[in-house]
Amino acid sequence: MAHRIYICSAEGNTGKSTVALGTLDTLTHRAARVGVFRPIARSTAERDYVLELLLAHEGVVPIPYDDAVGVGYDDVHADPEGALATIVSRFKAVEDRCDAVVIIGSDFTDVGSPTELAYNARIAANLGAPVLLVLGGRVGQGQGRSRSERLGYSDARSPEELAQLTELAVEELEREHATLLGIVANRADPERLDDIVEAVASAARPNSSAASAGRAAEASLRQAQDGAVATWAIPEDPYLVAPSMRAIMEAVDGTLHAGDPELLNREALGVIVAAMSMENVLTHLTEGAVVVVPGDRSEVLLGVLTAHSSATFPSLSGIVLNGGIPIAEQVDRLVDGLKAGLPIIRTELSSYETALAITATRGRLAAESQRKRDTALALFEKHIDGQALLDLLEVARPEVVTPLMFEYDLLERARQTRKRIVLPEGYDDRVLRAAATLLARDVADLTILGEEIEVRSRAIGLGLDISKAEVLSNHDFVHVARFAEEYQRRRAHKGVTLEQARETVQDVSYFGTMMVELGLADGMVSGAAHTTAHTIRPSFEVIKTKPGVDVVSSVFLMALADRVLVYGDCAIVPDPTAEQLADIAISSAATAAQFGIEPRIAMLSYSTGESGSGADVDKVRRATELVRERAPQLAVEGPIQYDAAADAAVARTKLPASDVAGRATVFIFPDLNTGNNTYKAVQRSSGAVAIGPVLQGLNKPINDLSRGALVQDIVNTVAITAIQAADRA
């Protein structure tokens, strides 16, 4: 039977999807197969965006959308008992595929059903799923209020009000025999989180009637020793309640007239109706606002666009031209020439109707908004004790290690070390997206190279928050002078002049490497837009190799379905000698241990044991002997074929007495051709996640990226670099 958790709320618009996403993410770090189920879909006319968001989350079992839905509201109205039976049946089909299932209760979109919480409680009881109850920290959850009021805290519920809501909701759950796992007060007043937790926990304590009903023993398993229900509070965040420009375009029934379609995913943090002179409009512009401009006020349109492009005015989210008035051809040419990229939406609505439609538009946590997803997960991680939640669900740590579990452990270890990593490629959107995720989830401190106004403007345009990053120009006069002097001193024996050094260190790879060498950063990650040679050449010249290491090499951490292996060298040394191969093996074993993998080294060849001969086999045999001489504490076997190293059955036939054969965790390839092709073959054929290349042998951590790197690859590599830096400290 899978572990189950039922997330429901006592009313609509509580931000339950944030809690659901965080819970799902937490479970994927512990359980190998996590599923999602929605007992009652929001609508049968269109797909449920919350369900789509959760089904698309990394690590979730690939369940077809229709299989993850129980019934619709119409089914519940027509036959509540029949609908409940259908929900149970469809849930069982999902549960059979999973180790854990996150069940998302209904959203109170059906205003004619005042007993919706009771029905959710009945579903939870029949599914045998304990309830994580989500309470809304806002009166009315912002509906019918102006945007500025919704972003303020004048509508915040007091601890006493939330305690009263808790008592009513808990009584409803008990009446339907649902088990309460915990309570989350979401979108709560950030100034009173502790008071809210105390009041809600006190109101949720089990009463005598629950104990007399025979549930005291069950309650004691799920609650703290003092009898309190596990309770948390998550504060309001303006970005999570802000609508995207795409949602605003739909709300005003508009069309995109100009601008970058990608920027429609940016959130609008306020509404400004520009029904005034240009001078007055400029004084009212605010960061992230959407500006409503009458279609016949072309001078206002051009003024707002110019202000958006100016470094001295706030960056806007978009413009809505209302009234359906055609734009003059000359004005359109001017707009095109400004190349602002700012979305300009046209609508037939009047100014009043447009403003009303925008202020009534609710923000939603959807898959297309990276910033909202990052913000939601960061809030959950900061304010919810994930380990306590897993303990309540009794989810034990499994013996297998999935790719997602391994990636999560990397982020956790990096978060604990809090190192500064320099990212030289600040003009690459993937780097900016990765930086936003790393900063939101407190994985590392970052320095991004590039001209500050250009880098920050691009990030804002993409709807990313990199405000906590340092953005530094690689042409900064003070740093260039310092780096050039140091580089010239170190390379004087090669005839490098100060002028040559000044030009060299302005290259982003050299600039970033000098930052690491001189202690301005703990590590560097580059290569998304540059070759491997361009990334690591400066480190050969400046950082050098560790004492006792003669060669810089690399490994890939190969996260298979149930374990993580180390492959080396697959990226740096084309045809290593026996001495270099031994170096690579010893360095790879150290890297394996650094990331929690017990090193058992297989020195690979086309021959196993004494069965073959020839120069290639002899090289591997000699390298194996050198490893045993230099590092006698390491378990190593070679020459050995891949199947004998990885498969216990083959190992029993070919090398029955070996401690490594059939159990190898570190695979050392005889040359780059073999290693590079093998890691790619395993990656593509088995679906393994290849993390790397991770460089080893350098005095300080510099890591290379593939030019086809995905955002998650960059995130993982930064975490690895931070861990390497911490272990070196």
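Could you look at the chain and say what percent of its accessible area is carbon and sulfur, using a 1.4 Å probe and all protein chains?
Answer for the chain: carbon and sulfur cover 50 percent of the accessible area.
Give the share of C-alpha pairs in each 5 angstrom bin for segment 567-613, from 0 to the last occupied bin, in whole percents, shortest bins first.
5, 18, 26, 23, 18, 9, 2, 0
Short version: what are the Cα gyration tensor semi-axes of segment 1-57, square root of 5 times each eigenvalue, largest first, in whole Å?
They are 20, 14, 11 Å, listed largest first.
Spin-label point model (7 Å from Cα, Cβ direction): what's the E299 to Q416 distance in nm?
6.4
Can you tell me the length gained on complete extension of the stretch L334 to S457, counting 0.36 nm per residue apart and subtracting the Cα distance?
Here the segment from L334 to S457 would lengthen by 42.2 nm.
Can you tell me the convex hull volume per residue for segment 383-439, based on C-alpha atoms, in Å³ to the nearest whole number?
Convex hull of Cα atoms, per residue: 120 Å³.
How high is the relative contact order of the chain? Use alpha-carbon pairs under 8 Å, at least six apart in sequence, and give a whole percent.
11
What number in nm² do you get for segment 430-526 if you take the convex hull of its Cα atoms and divide its surface by four?
Dividing the Cα hull surface by four gives the mean projection, 6.3 nm².
So if the hydrodynamic radius of segment 403-476 is defined as the Kirkwood radius over C-alpha pairs, what does Stokes-Einstein give as its diffusion coefficient at 37 °C and 0.692 mPa s, in µm² per second?
Answer, rounded: 260 µm²/s.
Take E610 and R684, extend 7 Å from each Cα along the Cα→Cβ direction, and tell me the distance between the two endpoints in nm.
4.0
Label 7 Å along Cα→Cβ of S43; segment 341-371 residues with amide nitrogen under 13 Å?
362
In 5 Å bins starting at zero, report the fraction of Cα pairs in segment 595-687 per bin as a rounded %.
Histogramming segment 595-687 at 5 Å steps yields 3, 15, 23, 25, 22, 10, 3, 0 percent.
Relative contact order of segment 423-530: what whole-number percent is it, with Cα pairs under 8 angstrom and at least 6 residues apart?
Worked out over segment 423-530, it gives 29 percent.
Report the label-to-label distance for D575 and R628 in nanometres (one decimal), using points 7 Å from each Cα along the Cα→Cβ vector.
2.8
Based solely on C-alpha atoms, express the radius of gyration and the Dmax of segment 651-695 in angstrom.
Final numbers for Rg and Dmax: 13.1, 35 Å.
Across the chain, what fraction of all alpha-carbon pairs, as a whole percent, falls in each successive 20 Å bin from zero upward?
Each 20 Å bin holds this share of Cα pairs: 16, 40, 34, 10, 0.
At a threshold of 8 angstrom on Cα-Cα distance, excluding pairs fewer than six apart, so keeping six or more, what relative contact order does segment 498-621 reach in percent?
14
Using a probe radius of 1.4 Å on heavy atoms only, what accessible surface per residue do you get for segment 266-425? Whole Å² is fine.
Counting only protein heavy atoms, the per-residue value for segment 266-425 is 44 Å².
Putting +1 on Lys and Arg Cβ atoms and -1 on Asp and Glu Cβ atoms, find which of F91, V395, S539 reaches farthest to the positive end of the dipole of the chain.
S539
In the chain, what percentage of the DSSP-assigned beta bridges are antiparallel, given to the nearest 5?
20
Work out, step by step, the length gained on full extension between A93 and A533: first 0.36 nm times the residue separation, then minus their alpha carbon distance; give nm to one decimal.
153.2 nm
When only alpha-carbon atoms are used, what values of Rg and Dmax, in angstrom, describe segment 528-674?
According to the Cα coordinates of segment 528-674, Rg and Dmax are 15.2, 49 Å.
Hey, what number do you get for the chain at 222 nm if only DSSP H runs of n ≥ 4 count, each worth -39500 (n - 2.57), divided across all residues, to the nearest 500?
Result for the chain, helices only: -13500 deg cm²/dmol.
Under the 0.36 nm per residue contour assumption, what length would be gained going from the current alpha-carbon distance of A593 and S310 to full extension?
96.8 nm
Counting only heavy atoms of the protein chains, get the accessible area per residue of segment 497-639 (1.4 Å probe) and round it to a whole Å² value.
Solvent-accessible surface per residue comes out at 38 Å².
Would you mind getting the Kirkwood hydrodynamic radius of segment 220-306 from its Cα pairs, rounded to one decimal in Å?
Kirkwood radius, segment 220-306: 16.1 Å.
The values are calculated or read from the model by the stated rules, or taken from the named source; none is laboratory data. The structure presented is a predicted model; accordingly, all values stated were derived computationally and were not measured. So basically every Cβ, Gly included, is an ideal-geometry build from the backbone, and we count neighbours across all protein chains shown. Keep in mind that these areas ignore ligands, DNA and RNA; they rest on the heavy atoms of the full protein, side chains included. Shrake-Rupley method; radii C 1.70, N 1.55, O 1.52, S 1.80 Å.
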